[in-house]
Every structure is written in C-alpha cells, then in structure tokens.
Amino acid sequence: MKIAVLGGDGFVGWPTSLHLSARGHEVHILDNLSRRWIDTELGVQSLTPMDSIQERTRIWHQETGRRISFHLIDLARDYDVLKAWLAENRPDAIVHFAEQRAAPYSMKSDRHKNYTVSNNTNATHNLLNAMTEIGLDAHLVHLGTMGVYGYSSVGAAIPEGYLPVGVETLSGDTATQEILYPSNPGSIYHMTKCLDQLVFQFYAKNDGVRITDLHQGIVWGTHTEETRLHPQLINRFDYDGDYGTVLNRFLIQAAIGYPLTVHGTGGQTRAFIHIQDSVRCIEIALKNPPKRGDRVEIFNQMTETHRVRDLAEMVARMSGAKVAYLPNPRKEAAENDLVVRNDKFLGLGLNPTTLEEGLLAEVVDVAKKFAYRVDRTRIPAVSAWTKDIAPTLERDPEGKRLKSVG
Ligand code: USQ
C-alpha cells in the first residue's frame, strides 16, 4: 500500500513509519516538525540523540534499501498544500498522528490551550475536508486516546468506543441504540481528541469516509525491532515534565538517582501499551479497514492497566530509587479503577508485550547510557491545571525552590 504517515517524525509516528516500510509499504511522512520546535521552546531535548528526519530516512535506506520520503507540511495551516499533495499522491491509507499530544503542554497557559485546540482540530478537519473534496477513498487510521473515556469506573468495563443504551420512547417502549461512549476529557489535549471523534462520526456518515479511531493508552518503552537496526534510527524519548509520560519518566528518574515523581497518592489507574505493540496495532488496523458507509471503527489500543503508585513501587524495588509523593499539578480523581475491553486487537492476533522486568531494565539501560544528556531542572511537572493549583508546585521533588511555575 501507499501510506501517508502524518506526524511521522514523532514518538509513535517514527517507529510506525519504519515498521510499515519494513513490511514493504510505500511510506510518505508528512510532518511540520513541530515537536522539534516545541523542544526548543521548552529548552529540552529527547534523552536519546535524534538526527534530522532527512538523516534518519537516509540511514533507513542505507540499512534496508527501502525509501521513506519526507514532506514538510503543516496540516493545520497549509490546507491547500495538503489537498494538492493528497490529490497528486492518492495514498491508499493515511495514519494520522499529527496532533499536539501532551496534556501538561496543553494546560501550560492560555496560549498553549489555543495552540492545541487550533492545531489539533484544524489538522483533523482539514484532512477530512480535503479527502472528501478530492474524492480520495483512503482508509484513515487516527491515533486517539483512552483519555476520551475519562478513566472513571462505574463497575463495568469500558467498551470499544460504543455504549449500548436503552431510550424510553414516547409509547413507553425501550429503543436500544449504540452511542459513542460519553466523553469526559481531563485536559485540553484530551478534549481535542473528543472533538475529533465527532468530526469522524460526521464524515463517516455524510461522506462515507472509512475511518478507524485507535483509543491508545500510555505508551512506554523506546525501541522497536526497526529502531534497533542502527544507532541513528533510535526513537525519541521524552522525560521532561510536559512530554515525558509516567512510566518512562520513572525509569529515567531511577537511572539517574532522582526521586520517582508520583502525583498525589498515585491512586490513578491508567491503561498502558509498549511501543512495539503500538506499531503492531497500527499495522493490524490498516489490514482491517471498515467498509464505505460503515460507522467509525474504534479499537482500544492498550494491553494492561496499572495504578501509578504500583508502578513507582515496582520501579523502586527494581532500582533502589526513592518514591516522592508530590502535590498533583493536575485536576484528576485521586483514585480510580479502570477495566478496559481490548478484545478486538486480541481477536485480530495481537500478542501483548506485558510489563516485565527485562523490558523495564532495557529502558533503564537506555536511560543510563544517555543520562549525561538529562537536565534535572526539566524533570518537575510545573504545568498546573488551574490557577489555584499553581502555588502548590513551588518545590521540586528534592525540596529545591522552582524558578518558574506555569
Ligand atoms: N503522573 C505522575 N507522575 C509523573 C507523570 C505523570 O504521577 O511524573 C500521573 C499523572 O498525574 C496521570 C498519569 O500519571 O495521572 C498519566 O500521566 P502521563 O503524563 O503518563 O499520561 P497522559 O497525560 O494521560 O498522556 C499520555 C500521552 C497522551 C495519551 C495518553 C493516553 O501523552 O498523548 O493520549 O497518555 S491516556 O492516559 O490513556 O489518556
């Protein structure tokens, strides 16, 4: 297949591009390189040294003989350029990662909220609008998030996207229907993915666009089969307070002797998936497109759930690190249970990589190898969800006063 990977320079986009290219697909990366600009804005860098996208694709060709082409396009702003590219190249499938994906970054300031909403919703709508306008019947696979559901548990498993409900009719009968599971976003970023769901629902119904939405959990790990092939194919690894996600942060903190930064009681339960499974799921989704006229296909892309404090305790046991229970910068339930259905991917052959010590140790090894690149001052999470939370974040986990908050 000819596949366009939008956002193919990012943490999941890059290994996905390699995985699809390795399987013989013609891969085109469309990216505005915004993550690299945001690194500059925040004064942080990936733990792993990352080459330019052009250099990465050159090495991929050198190592495998396969070509991945790169196109510098801003989906949210360059509508005409995107439309012209799609019209000329007519991909069979499009994988859409091209959104600002960090919840803390989206809550940093009013400007960051505006940027996240305008970037993410425009990127998604521009894409669907252009596909419809040029009559492109490509299968669109979108990276959504488990966070659209809101993690709350009502004593029932979270289904894959749709909830069967009974509605009492005027004649007193019960009409049954399936609706999108009620969205309950916990950040501006998660809110944009809830908005995306409605945009998808409309374009599938009105224009017959074939869409798969993957509600992904928190990704951990760094290597995949393909990124291991050469040091310059290495994936990015974020550890800072905005882009670093919880388990990868704990692993780098353990590697450099920094207290593990648990927010609040650590009673938050979240869904997780290893980066290798994440790229496999995308391949599986691409092989199983919905038909034209079908409703949006939704998969829960996660393999296990864990409570944050249990993860911290596990990493502490493994490494001897200390656990720091910190004021929570986020407005979120202190404790929640989470049971999630993921039967669809399992039914299509996903064999989950579960969280086990060998793989955790592998990430700690990566972290140790590049520990010299860590800026400890960038570890604290300082983006407060509300103005009254901000003053509670005055000190870092080692007790030092933070220079700037928010
Ligand atoms: N947390 C800590 N300590 C830390 C960092 C996070 O206790 O040092 C806690 C947070 O308060 C939160 C949980 O860990 O309760 C998860 O935070 P996270 O930063 O690992 O993940 P999140 O903000 O939810 O976002 C990440 C990705 C996002 C994706 C989402 C999937 O950045 O793109 O959509 O995971 S999910 O969480 O299932 O919604």
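If Ile218 satisfies all but one of (1) open to solvent by 10 Å² or more (accessible area, probe 1.4 Å); (2) more than 15 Å from the ligand (Cβ to nearest atom); (3) under 24 Å from Ser17 (Cα atoms); (4) in contact with a Lys or Arg (Cβ under 9 Å, 6 or more places away or on another chain), what's the number of the condition it fails?
(2)
Got a sec? Which of Thr192, Thr224 is more than 9 Å from the ligand (Cβ to nearest atom) and assigned to a loop (DSSP other than H, G, I, E, B)? Give the steps one after another, and end with the answer.
Working: Thr192 fails: assigned to a loop (DSSP other than H, G, I, E, B).
Just a single option satisfies the conditions, and that option is Thr224.
Does the stretch 174-189 include one or more residues that are of a type in the set (Val, Ile, Thr), without any contact (Cβ under 8 Å) to a residue 12 or more places away in the chain, out of contact with any His (no Cβ under 8 Å at 6 or more places or on another chain) and part of a loop (DSSP other than H, G, I, E, B)? It would help to see each step written out before you state the result.
First, the residues of the stretch 174-189 that are of a type in the set (Val, Ile, Thr): 174, 176, 179, 188.
With without any contact (Cβ under 8 Å) to a residue 12 or more places away in the chain added as a condition, the list becomes 174.
Those still in the list that are out of contact with any His (no Cβ under 8 Å at 6 or more places or on another chain) too: 174.
Right, trim to part of a loop (DSSP other than H, G, I, E, B) and you get none.
No, the stretch 174-189 has no match at all.
I'd like to know if the stretch 384-404 contains one or more residues that are in contact (Cβ under 8 Å) with a residue 24 or more places away in the chain and assigned to a helix (DSSP H, G or I).
Yes: one or more hits.
Restricting the first residue to the stretch 345-365 and requiring it to be open to solvent by 50 Å² or more (accessible area, probe 1.4 Å) and at pLDDT below 85, which pairs with a second residue that is assigned to a helix (DSSP H, G or I) and not hydroxyl-bearing (Ser, Thr, Tyr) meet a Cβ separation below 7 Å and a spacing of at least six or different chains?
Taking only residues 6 or more apart or on different chains, the pairs are Glu357/Met318.
What number goes with the only condition from (1) farther than 18 Å from Thr124 by Cα; (2) touching a residue at least 12 places away in the same chain (Cβ under 8 Å); (3) surrounded by fewer than 19 Cβ atoms within 10 Å (Cβ to Cβ); (4) not charged (D, E, K, R) that His71 does not pass?
For His71, the failing item is (1).
Could you tell me which of the residues Val382, Val340, Val374 is over 26 Å from His215 (Cα atoms), buried (at least 16 other Cβ atoms within 10 Å of the Cβ) and touching a Ser or Thr at 6+ places or on another chain (Cβ under 9 Å)? Steps first, answer last, please.
Details: Val340 fails: over 26 Å from His215 (Cα atoms); Val374 fails: touching a Ser or Thr at 6+ places or on another chain (Cβ under 9 Å).
Of the residues listed, the single one that is over 26 Å from His215 (Cα atoms), buried (at least 16 other Cβ atoms within 10 Å of the Cβ) and touching a Ser or Thr at 6+ places or on another chain (Cβ under 9 Å) is Val382.
The values are calculated or read from the model by the stated rules, or taken from the named source; none is laboratory data. Small disclaimer: the values here were computed from a predicted structure and weren't measured. Methodologically, a virtual Cβ is constructed for each residue, glycine included, from the backbone with ideal geometry; neighbour enumeration extends over all protein chains shown. The protein model used for the area step is the full one, side chains on, heavy atoms only, and it has no ligands, DNA or RNA in it. Shrake-Rupley method; radii C 1.70, N 1.55, O 1.52, S 1.80 Å.
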